[in-house]
Amino acid sequence: MSNKLSYAALDRLGREPLSPNFFFRDFLYSEIANYHAIPNLPHHPDVAIEAARGLCEHLLEPLTAAFGKISIRSAYRAPEVNQFGNENDLNCARNEANYGGHIFDYRHPERGLGAMACIVINSYIDHFEATKDWPAMAWFIHDHLPYSRMWFYPKLGAFNLGWSETPERQIDSYVTPRGTLTKPGMDNFEGDHSEFYDTPYFRDGGKRLRAHFGQ
């Protein structure tokens, strides 16, 4: 696969507004692409924009309203970047698994259109570093927002957050307790989980989230 996106087209893509707090440029940075000099450019910019807008509208903007600034650790990967990462053990799944995920501009055959970003919620860093209580954030999002997948990581409370047209609704973690927290069919999937995030931080975030949705 190759990409012939011109500089002018890339400039326009980077300036594309996705939502009140995000431009497409926010999603393009990649350590793999930078270090190994592989252009991180979408093959199908219009599809990538549509998917990124879904991620912003349904997940990132509501979380920004609830908790403040979000820092994006990594997000879009061109197929060439992701394939290099997969082949060189750089924590990238194979391309087909990342369609509708980190590879925004290719639809997944089951999940359809989708996008994923690894994010840090800046206001959550100190709490996470002190407690490592990642399930609190996971359950809050599970109860309030239409995510598709989440994976939690050990540093800074960072986690992969994915949106899809057909969401999977599965949460996994590389932080203790490791493994799958929930997914459809598990006994803990349905119902209210507020007992796990009944703290002032999440109660205040819930109020701001309801105001964001006009509730």
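The values are calculated or read from the model by the stated rules, or taken from the named source; none is laboratory data. For clarity, every value in this text was computed on a predicted model and none was experimentally measured. Neighbour counts are summed over all protein chains in view; Cβ atoms, including those assigned to glycine, are modelled from backbone coordinates with ideal geometry.
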For region 106-147, name all the residues that are part of a helix (DSSP H, G or I), at pLDDT 95 or above and of a type in the set (Gly, Ala, Ser). Ser123, Ala136, Ala138
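From Ile38, Ile32, Ile49, which residue is of a type in the set (Val, Ile, Thr), surrounded by 18 or more Cβ atoms within 10 Å (Cβ to Cβ), out of contact with any strand residue (DSSP E or B) (no Cβ under 9 Å at 6 or more places or on another chain) and outside any strand (DSSP E or B)? Steps first, answer last, please.
On the way: Ile32 fails: out of contact with any strand residue (DSSP E or B) (no Cβ under 9 Å at 6 or more places or on another chain); Ile49 fails: out of contact with any strand residue (DSSP E or B) (no Cβ under 9 Å at 6 or more places or on another chain).
After applying the criteria, what remains is Ile38.
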List, please: which pairs have Cβ atoms under 8 Å, are six or more places apart or on different chains, and start with a residue in region 93-120 that is in contact (Cβ under 8 Å) with a residue 24 or more places away in the chain and end with one that is charged (D, E, K, R) and in a strand (DSSP E or B)? Gly101/Arg149; Met116/Arg149; Ala117/Arg73; Cys118/Arg73; Ile119/Arg73; Val120/Arg73
Filter region 5-29 down to the residues that are under 20 Å from Tyr99 (Cα atoms) and part of a loop (DSSP other than H, G, I, E, B) and list them by number. Leu5, Leu28, Tyr29
Subset of region 170-211 (residues that are surrounded by 12 or more Cβ atoms within 10 Å (Cβ to Cβ), in contact with a strand residue (DSSP E or B) (Cβ under 9 Å, 6 or more places away or on another chain) and either assigned to a strand (DSSP E or B) or in contact (Cβ under 8 Å) with a residue 40 or more places away in the chain (or both)): Gln170, Ile171, Asp172, Ser173, Val175, Leu181, Thr182, His193
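Please find, among Glu50, Glu80, Glu57, the residue that is out of contact with any helix residue (DSSP H, G or I) (no Cβ under 7 Å at 6 or more places or on another chain), under 23 Å from Ile121 (Cα atoms), among the acidic types (Asp, Glu) and touching a residue at least 12 places away in the same chain (Cβ under 8 Å). Talk me through it step by step, then tell me what you get.
Values: Glu50 fails: under 23 Å from Ile121 (Cα atoms); Glu80 fails: under 23 Å from Ile121 (Cα atoms).
Selected residue: Glu57, the only one of Glu50, Glu80, Glu57 that is out of contact with any helix residue (DSSP H, G or I) (no Cβ under 7 Å at 6 or more places or on another chain), under 23 Å from Ile121 (Cα atoms), among the acidic types (Asp, Glu) and touching a residue at least 12 places away in the same chain (Cβ under 8 Å).
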Go through region 7-29 and give me each residue that's surrounded by 14 or more Cβ atoms within 10 Å (Cβ to Cβ), of a type in the set (Phe, Trp, Tyr) and farther than 19 Å from Asn95 by Cα. Phe22, Phe23, Phe24
